Amino acid sequence: MSEEDKGTEIVKTSNDQGVDLQRLVMRPSLKRFAEFQEKVLRENDHKPSWANLNIGNKLLPMLRAELVELEEAFEKSYHVKGKRHVQKECADLANFAMMIYDILENFINLDA
């Protein structure tokens, strides 16, 4: 872990009405990774939304397949191009996990 990524910082601010707000400052490595995830997602914007995909029948098997792809890419990552491929597979894997999280978040919000 780099020095810049130790702990998280909470910034306290107030809004127009004087109400105290807390904002979590994202770690630099997480911010870079999230931005890369977004880039990978945008490359796939031509595909249908994940919102209607079944978690158990579709997204979990896709997540497992991405893990296999990540493992295979890692085994071949002895040069820079290979390391970049590992990074992309990391983003793919994380994006499928995010999709599952997003679908569950929508169900939770409906139940609230």
- Message: Quick test for you: out of 76, 39, 81, 88, pick the one residue that is of a type outside the set (Asp, Glu) and farther than 21 Å from residue 29 by Cα.
- Response: 76
- Note on the structure: When restricted to 64, 42, 32, 23, the only residue at pLDDT below 90 and not in a loop (DSSP other than H, G, I, E, B) is 23
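The values are calculated or read from the model by the stated rules, or taken from the named source; none is laboratory data. Fair warning: this is a prediction, and the values are worked out from it, not measured in the lab.
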